[in-house]
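Enquirer: Sending over a structure as structure tokens; questions will come in a sec.
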Amino acid sequence: MTKKIKKISVAFGSSTIELDIPERNISSVILPSEPEKRKEAAFLVKKALENPINSRRLSEIINPNTRIVIIVSDVTRPTPTAKFLPLLLEELYLGGAKDENITIVFALGLHRNQSAEESRKLVGEEVYEKIRCIQHDTNRCRHIGITSRGTPIEIFEDVLDADVIIGTGSIEFHYYAGYSGGAKSVLPGVSSQEAVITNHKMMIDEKAVSGRVDSPVRQDMEEAAKVAGLAFILNVVLDSKKEIVAAVAGDFIEAHRKGVEVVDSMYKVPVEPADAVIVSCGGFPKDINLFQANKALDHATQAVKEGGSIILVAECAEGIGNQVYECWNRECQNPEDAIERFKQCFEFGGHRTAIIAKVSKKFRLYLVSKLSDEQTKTAFFIPMPDVKTALSAVLSENPDAKIHLMPHGGQTLPVRKNN
């Protein structure tokens, strides 16, 4: 009797990997329930801007003398800023806005600076040429208060100098802020290092997980954004092809929550935990480095039984992606070491080593990437040259293993049926 084989393709950087897997081992392919018919992105964005949630239209908020700051996502995010920025500017021009009074700020948070070429690509050639585009600088932040949870509210001065602050971005699951988008463009987007680190310390709270708006990290972000004066947001929801399928605009909390409803309906998927999971981040830029790729791993843990295996497929063309994370990986000899160190000392970047250390004690972690074997092992993963070899390793231990496939691990959030 011949084995029935199913061909599955998973994204790896900007390419795809074809995988042959015996049908009898497939438990399910965890996919988002995306709209079959897509409305034009321009139509969705325009409609959102014309019908803002709990807010006046931008064209009614501003006048020809208003100094405007538009905060946009950096290169590590899949947000198609260049697609919606011209429509946002159109709405501003309707209210008489002048190009010389508009500044676009790239929300780097604590990420690396971008090249001029990357910035140009993110906003589009035409916008880059006519409007002042600058990058967030953590060294040029002003202290304007403190949140009820003790986070200093320290915002990039160019943002604070504006009369109207507009946040843009995409809404998807976030592993400790619950969701991206909304207030996140202010904190961590354009905040000081001290503010970001203090806010991120709350990630060890049990509510600080994907898919929860009551994450203390998000609540803290929203408090800071309110004090900073975030006046308006334009956020989009993307499908697995990175196309815009929904847009929300208006009040930075209420509009955000409308977007969250869309994300939940598309990407929360009920599952029975299986013996193993093969998870891809969904390709570039979600697997640009291991730091970003770990988000897909977080989601995959919900779909596998304790003691099971997770095969993470992530190119990691830019390596580990965070110096502190890399340093902790090298210095922590074993998972226990990393967990203990994290309890003694919170260091942003090091939190990733501690989180993976915890996960590696529950599951066998395989990694298919461009990282060296040494980098992979110190990050508590088992290096694998390709998915086929990793799959063979799982099946040699348990030939009857039931395996979930997650081709869009960064976007899809399995929800355990027994919860």
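Enquirer: Principal axis lengths of the range 41-266 from Cα atoms, whole Å, largest first?
Expert: Result for the range 41-266: principal-axis Cα extents of 44, 40, 34 Å.
Enquirer: For the range 203-211, in order, what is each residue's ³J(HN,Hα) by Karplus, 6.51 cos²θ - 1.76 cosθ + 1.60 with θ = phi - 60°, in whole Hz (x at glycine and Pro)?
Expert: Those phi angles translate into 5, 7, 5, 5, 8, 7, 9, 3, x Hz.
Enquirer: For the range 39-85, compute Rh as the Kirkwood radius over C-alpha pairs and then the Stokes-Einstein diffusion coefficient at 10 °C and 1.306 mPa s; write the answer in µm²/s, rounded to an integer.
Expert: Rounded, D is 124 µm²/s.
Enquirer: Kindly give the semi-axes, whole Å and largest first, of the ellipsoid equivalent to the range 224-355, taking each as the square root of 5 times a Cα gyration tensor eigenvalue.
Expert: Semi-axes (√(5λ), whole Å): 30, 22, 15.
Enquirer: Average the reciprocal distances over every distinct pair of alpha-carbons in the range 358-419, invert the result, and give the Kirkwood radius in Å.
Expert: 13.5
Enquirer: Would you work out the charge dipole size for the chain about its Cα centre, treating the Cβ of every Lys and Arg as +1 and the Cβ of every Asp and Glu as -1, and quote it to the nearest 20 debye?
Expert: Computed charge dipole of the chain: roughly 980 debye.
Enquirer: To the nearest Å, what is the center-to-center distance of the range 165-234 and the range 41-111, using C-alpha atoms only?
Expert: 19
Enquirer: Another question, then. Tally Lys and Arg at +1 and Asp and Glu at -1 over the other residues with C-beta under 10 Å from the C-beta of residue 172: what net charge comes out?
Expert: Value of the local net charge: +3.
Enquirer: Roughly what % of Cα-Cα distances in the range 20-163 sit above 17 Å, to the whole percent?
Expert: 71
Enquirer: Ok, one more. Tell me the label-point distance for the pair residue 90, residue 344, using the 7 Å Cα-to-Cβ offset, in nm and rounded to one decimal.
Expert: Result: 5.8 nm between the two label points.
Enquirer: Write down the Kirkwood hydrodynamic radius of the chain, to one decimal in angstroms, obtained as one divided by the mean of 1/r over all alpha carbon pairs.
Expert: Across the chain, the inverse of the average 1/r is 22.0 Å.
Enquirer: Further question on the same structure: Take every Cα pair under 8 Å in the range 31-97 that's 6+ residues apart, average their separations, divide by the length, and report that relative contact order as a whole percent.
Expert: In percent, rounded to a whole number, it is 46.
Only the coordinates and a few stated rules stand behind these numbers; no lab work does. Nothing here was measured: the structure is a model prediction, and the numbers come from that model. All Cβ positions, even for glycine, are placed from backbone atoms using ideal geometry, and neighbour counts span all protein chains on display.
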